[in-house]
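> Quick one: this structure, given as structure tokens, is what I'll be asking you about.
Each reported figure results from applying straightforward, stated rules to the coordinates on display, with no laboratory input. Here the structure is a predicted model, which is why all the values come from computation and not from measurement. Please note: Cβ atoms are built from the backbone with ideal geometry, for glycine as well, and neighbour counts cover all protein chains shown.
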Amino acid sequence: MLVSSSLAPGPRSGVIAVAAGGAFVVCVAVIMVLAVMVRRPMLELQEKIAQVQMGDLNVRVSFSDRNDEIGDLGKDFNDMVAQLKASREEIQRLHQTQMSRAEHFATLGELAAGLAHEIRNPLAGIAGVLDIASRDLPDSSPARSVMEDAKQEAVQINRILTDLLDTARPKPPQFRVTDIVGTAEHAVMFARQQAVTKRINIEFEVKGSVPPVEHDPGQINQVLLNLLLNAIQSMDKPGVIGVAVSRNDDMAVITVKDQGKGIAPEHLPNIFRPFFTTKGHGTGLGLSLARRTVESHGGTIQAQSEPGRGTIFTVEIPIRRAREPAS
């Protein structure tokens, strides 16, 4: 009995040793599988992220074709890098466009100066001759209306030249604290002379108390006059254009509302771009100059419109412009 008792643990220890060896092999296999399936992709992903941080957007991970969570992670990473690359290319394209546009405006400045000298002087002579000739015509002469149309065309050419000069060589605002209600009213008075022939009534309203505003009266007058003339041209039948001046906290607000044809939704985002126009005879500079002027005052200009229901332009100008800190 003693002999058999001393030999019994032998087979048990062998089974335990075999089980322990099998468990060890399984653990090693699991570790190796994890290293292949998880650790290597994570190391590759870490390496690719470092390359992206260095600016290389052509990198792609190789495990994106796997049909598990690791593969989904690889697909998401590759898609993200592709989107980043597309965004960078779009930014570079827009930057190149802006640089080309800057060169275009520099060339335009030289061209505008030459046009002003070569065209304005003869144009003034033509306008003077037309004025003198129209005075000598009898009141009943049909040529008087033709002369008047010719003079208006001369005025239009002069306005186009002025817009070109202002676009190419904008003048800085001459700020002074003065009554912006008077500035707006002056633009309304001039526009009424243009609107009377189309039987359009321009209504002017001051809402509440509006304090003096720090602005360039001449430039803001031109902005409002441009908006009013556009409103008149947009109306094919008699109607009303409303101009209102009010205060909103520290901003002076001027709105110009017409009953014209309105602006198509696809055109509305582009109306402030230089040379963009929906008119067959327009230059596309008026609203661009208006926005530049308003922004030089620290303000904003916005448009709301629906085809067939008119347009509302809203101009906001700070009552006191922000001062740059002293150096």
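> Counting only residues 5 or more places away or on other chains, whose amide H sits under 5 Å from the amide H of residue 298 once H atoms are built in the peptide plane?
Hits under the 5 Å cutoff: none.
> Further question on the same structure: Determine ³J(HN,Hα), in whole Hz, for all residues of the range 231-245 in sequence, where each value follows from phi through the Karplus function 6.51 cos²θ - 1.76 cosθ + 1.60 and θ = phi - 60°; x replaces Gly and Pro.
So the Karplus estimates, Gly and Pro as x, are 5, 4, 5, 7, 9, 8, 9, x, x, 10, 10, x, 10, 10, 10 Hz.
> Place the peptides 287-296, 146-155 in order of packing, highest mean first, counting for every residue the other Cβ atoms within 10 Å and averaging per peptide. Numbers along the way, then the final one.
Details: 287-296: 19.7, 146-155: 14.0.
Answer by packing, highest mean first, reads 287-296, 146-155.
> Applying the Karplus parametrisation 6.51 cos²θ - 1.76 cosθ + 1.60 with θ = phi - 60° to the phi angles of the range 290-302, what ³J(HN,Hα) value in whole Hz is obtained for each residue in order, glycine and proline being reported as x?
Running phi through 6.51 cos²θ - 1.76 cosθ + 1.60 with θ = phi - 60° gives 4, 5, 4, 5, 5, 5, 5, 8, x, x, 9, 9, 9 Hz.
> What ranking of 258, 131 emerges when the number of other C-beta atoms within 10 Å of each C-beta is taken as an exposure proxy, fewest first? Could the numbers behind the result be given before it?
Numbers: 258 26, 131 13.
Ordered from fewest to most neighbouring Cβ atoms within 10 Å, 258, 131 come out as 131, 258.
> Rounded to the nearest 5, what is the percent of antiparallel bridges among the DSSP beta bridges in the range 176-318? Could the numbers behind the result be given before it?
Details: 23 of 30 bridges.
Of the beta bridges lying entirely in the range 176-318, close to 75 percent run antiparallel.
> Based on Cβ point charges of +1 for Lys and Arg and -1 for Asp and Glu, what charge dipole magnitude is obtained for the range 176-318 about its Cα centre, in debye rounded to the nearest 20?
Details: 14 positive and 14 negative charges, 114 e Å.
Rounded to the nearest 20 debye, it is 540 debye.
> While we're here: How much FRET efficiency would the formula 1/(1 + (r/R0)^6) give for residue 137 and residue 162, where r is the Cβ-Cβ distance and R0 is 30 Å, rounded to 0.05?
Values: r = 29 Å, r/R0 = 0.97.
It comes to 0.55.
> Another question, if that's okay. Any idea which of 228, 181, 318 is furthest toward the positive side of the dipole for the range 168-327, if Lys and Arg beta-carbons carry +1 and Asp and Glu beta-carbons -1?
228
> Using the eigenvalues of the Cα gyration tensor, what equivalent ellipsoid semi-axes result for the range 176-318 when each is taken as the square root of five times the eigenvalue, whole Å, largest first? Don't skip to the answer; put the middle values down first.
Working: eigenvalues 107, 63, 36 Å².
Output for the range 176-318: semi-axes of 23, 18, 13 Å.
> Given H placed on each backbone N at 1.01 Å, which residues far from residue 310 in sequence or on other chains put an amide H within less than 5 Å of it?
Amide H neighbours of residue 310: 260, 262.
> Taking θ as phi - 60°, what are the ³J(HN,Hα) couplings along the range 246-251 by the Karplus curve (6.51, -1.76, 1.60), each to the nearest whole Hz, with x for Gly and Pro?
Ordered by residue, 3J(HN,Hα) equals 8, 10, 10, 6, 9, 10 Hz.
> Can you list the residues, at least 5 places off or on another chain, whose amide H is less than 5 Å from the amide H of residue 252, using H built in the peptide plane?
317, 319
> Something else: Ranking 312, 317, 254 by Cβ neighbours within 10 Å, fewest first, what do you get?
Working: 312 16, 317 23, 254 26.
With the fewest neighbours first, 312, 317, 254 line up as 312, 317, 254.
> Quickly work out the residue 16-to-residue 47 label distance, labels modelled 7 Å from Cα along the C-beta direction, and quote it in nm with one decimal.
It works out to 4.5 nm between the two label points.
> Hey, which lysines would be in cross-link range of residue 75, C-alpha to C-alpha under 16 Å, not counting anything within fewer than 8 residues on its own chain?
Cross-link targets: 48, 85.
> Cα to Cα, under 20 Å, and not fewer than 8 places away if on the same chain: which aspartates and glutamates meet these conditions relative to residue 261?
Cα-Cα hits under 20 Å: 203, 236, 306.
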